[in-house]
Amino acid sequence: MDIISVNNVNLTLSKNQILKNISVRFEEGKIHGLIGRNGSGKTMLMKCICGFINVTDGEIIVDGKRVGKDVDFPENMGMIIEVPGFIPYYSGYKNLKLIAGLNGKIGKDEIQKSMEQAGLDPKLKRHVRKYSLGMRQRLGLAQAIMENPKILIMDEPFNGLDKDGVKEMREYLLSYKAQGKTILISSHSTEDISVLCDTVHEMEKGVLSKQNK
């Protein structure tokens, strides 16, 4: 079953066409990859799927609901889009506790578990402003997974991670897929995409094409 359907989508911002007649379907329970250079349109497509930007033409349906019509933001979705933003003078745990409080779905145990799964110590008192880029990326992953979403949208999830961190992230994403979750990731690295993904789509200048695995 297709959990995400993008149908004839165009996006124009400030008279520039960013996405050009994109149609693609992402099947549930698989890892799907978007590959392309910076500026190719990967991030913009992800923002449209997440409901952050309204498309100019076409429609995006996530889990049976049209984004921007039936729902403003898709339900049951976790995401990392660009560099995750957090309150710099709070600890990682305090940031996640604040965010979790917005929905009220989870408590302390789930927050701590998500941080541990992402490779962070929930008891670490260090302020986020003192985190390395890799630690920020891990905190972004913890935020994305802490409510146990059905769908994960991850824009360049390997940025800032060292070799061991990349390996751990890959293993985590494969384990998440094994639970029946759907993951959409973008990367400019062919290796990251080819190792993990069941389907691969290449973006170039706002145009999407499918590659064979």
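The values are calculated or read from the model by the stated rules, or taken from the named source; none is laboratory data. Please read these numbers as outputs of a predicted model, since none were measured by experiment. Counting neighbours? That spans all protein chains shown, and the Cβs are built from the backbone with ideal geometry, glycine included. The accessibility values were calculated without ligands, DNA or RNA, using every heavy atom of the protein model including side chains. Shrake-Rupley method; radii C 1.70, N 1.55, O 1.52, S 1.80 Å.
Could you give the length gained on full extension between residue 71 and residue 23, defined as 0.36 nm per residue of separation minus the Cα-Cα distance, in nm?
Additional length available on full extension: 15.3 nm.
Can you compute the radius of gyration and Dmax for the chain, using only the Cα atoms, both in Å?
Over the chain's Cα set, Rg and Dmax evaluate to 16.8, 48 Å.
Run the 1.4 Å probe and let me know the accessible area of residue 89, rounded to the nearest 10 Å².
Solvent-accessible area, nearest 10 Å²: 140 Å².
Applying 1/(1 + (r/R0)^6) with R0 = 30 Å to the Cβ-Cβ distance of residue 168 and residue 204, what FRET efficiency is obtained, to the nearest 0.05?
Approximately 0.45, to the nearest 0.05.
Post the alpha-carbon centroid distance, the range 170-185 to the range 65-87, in whole angstrom.
18
May I ask you to derive the relative contact order of the chain, considering only C-alpha pairs under 8 Å and at least 6 residues apart, and to give it as an integer percent?
Normalised by residue count, the contact order of the chain is 30 percent.
For residue 125 and residue 90, compute 0.36 nm times the residue count separating them, minus their Cα-Cα distance, and round to one decimal in nm.
11.8 nm
Given a 1.4 angstrom probe, I'd like the percentage of the accessible area of the range 102-213 that is carbon and sulfur, rounded to a whole number.
45
Helix-derived [θ] at 222 nm for the chain: sum -39500 (n - 2.57) over DSSP H runs of at least 4, divide by residue count, nearest 500?
-9500 deg cm²/dmol
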